[in-house]
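Reviewing the structure listed below.
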Amino acid sequence: MTTALIVIDVQRGFDDTAYWGRRNNPAAEANIRALATAWQQAGLPIVVVHHDSGTPGSPLAPGTPGNALKSELDGIVPALTVRKSVHSSFHGDVDLHKWLQDNGIQEVVTTGVQTNRCVETTSRVAGDLGYRLRYALDATFTFDDTAPDGSAITADELSRATATNIHGHFGEVTTTAAVLASL
């Protein structure tokens with residue numbers, strides 16, 4: 001079975017701590033790089049997704065330095081690039097579902113930024129569409145946020161909630177090491 005690696009929104013704009021705040025998982029980029037490198041060396045398909053934000057002042061806006069991919073993806077040649085302005089990579093400028101089907105891909109590994117937003121949303125849609133999903137949680141990161149009641153929620157808490165939402169319902173939550181061991 002061919003497995004595609006979907007690398008979601010690994011963009012320089014997420015380094016803007018003044019805009020995003022405190023993040024978790026400082027090892028995420030190294031894990032993303034390890035997965036992408038292994039996929040490329042194995043000749044497996046990599047999908048790279050860019051978030052083109054329409055929010056005024058966003059560091060992810062098209063044409064800004066923050067819209068560019070992080071250096072961890074330097075030298076990685078994707079089989080497909082998807083540009084999107086919403087959370088799901090399945091709702092971008094390319095029909096990702098059709099591309100996966102046309103290429104006989106039945107399994108996906110998701111990774112990237114933000115754990116609880118675009119990576120979780122893409123993963124949920126992948127699971128709903130019937131793909132075997134492996135969510136490499138340690139190859140993602142997110143930021144602290146505020147709940148509707150005004151209480152603070154840490155990035156680690158959001159990551160834990162995402163793992164709970166995904167695992168057993170949409171797919172398997174796993175680690176970079178486990179994914180690499182299965183190649």
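Close contacts from the range 50-66, counting a first residue that is over 15 Å from residue 83 (Cα atoms) and a second that is of a type outside the set (A, V, I, L, M, F, W, C) and in a loop (DSSP other than H, G, I, E, B), with Cβ to Cβ under 7 Å and a gap of 6+ residues or different chains, come to 59/16.
No other residue among 122, 140 is among the polar types (S, T, N, Q), closer than 27 Å to residue 169 by Cα, in contact with a Phe, Trp or Tyr (Cβ under 9 Å, 6 or more places away or on another chain) and modelled with pLDDT of 95 or more apart from 122. Annotation note: Cβ proximity below 9 Å between a residue of the range 76-87 that is free of Cβ contacts under 8 Å to residues at least 40 places away in the same chain and under 13 Å from residue 39 (Cβ atoms) and a residue that is in a strand (DSSP E or B) and of a type in the set (Phe, Trp, Tyr) (sequence gap 6+ or interchain) occurs for no pair. For the range 135-183, a tally of residues being basic (Lys, Arg) and either exposed (fewer than 14 other Cβ atoms within 10 Å of the Cβ) or in contact (Cβ under 8 Å) with a residue 60 or more places away in the chain (or both) returns 0. Checking each residue in the range 1-38 for being more than 28 Å from residue 63 (Cβ to Cβ), in a helix (DSSP H, G or I) and not polar (S, T, N, Q) picks out 30, 34, 35, 38.
If you go through the range 17-72 and keep only what is over 18 Å from the mean Cα position of the chain (by Cα) and crowded, with 17+ Cβ neighbours inside 10 Å, you end up with just 58.
Output yes when any residue across the range 32-53 is within 17 Å of residue 135 (Cα to Cα) and acidic (Asp, Glu), and no when none is. Within the range 32-53, not a single residue is within 17 Å of residue 135 (Cα to Cα) and acidic (Asp, Glu).
When the helices (runs of 4 or more DSSP H) confined to the range 78-183 are screened for residues that are under 26 Å from residue 19 (Cβ atoms) and under 16 Å from the mean Cα position of the chain (by Cα), those reaching at least 1 such residues are found at 120-128, 155-166. Here 75, 66 are screened, and the one residue that is farther than 18 Å from residue 179 by Cα, in contact with a Gly (Cβ under 7 Å, 6 or more places away or on another chain) and of a type in the set (Gly, Ala, Ser) is 66.
The values are calculated or read from the model by the stated rules, or taken from the named source; none is laboratory data. In this text, all values refer to a predicted model and were calculated from it rather than measured experimentally. So basically every Cβ, Gly included, is an ideal-geometry build from the backbone, and we count neighbours across all protein chains shown.
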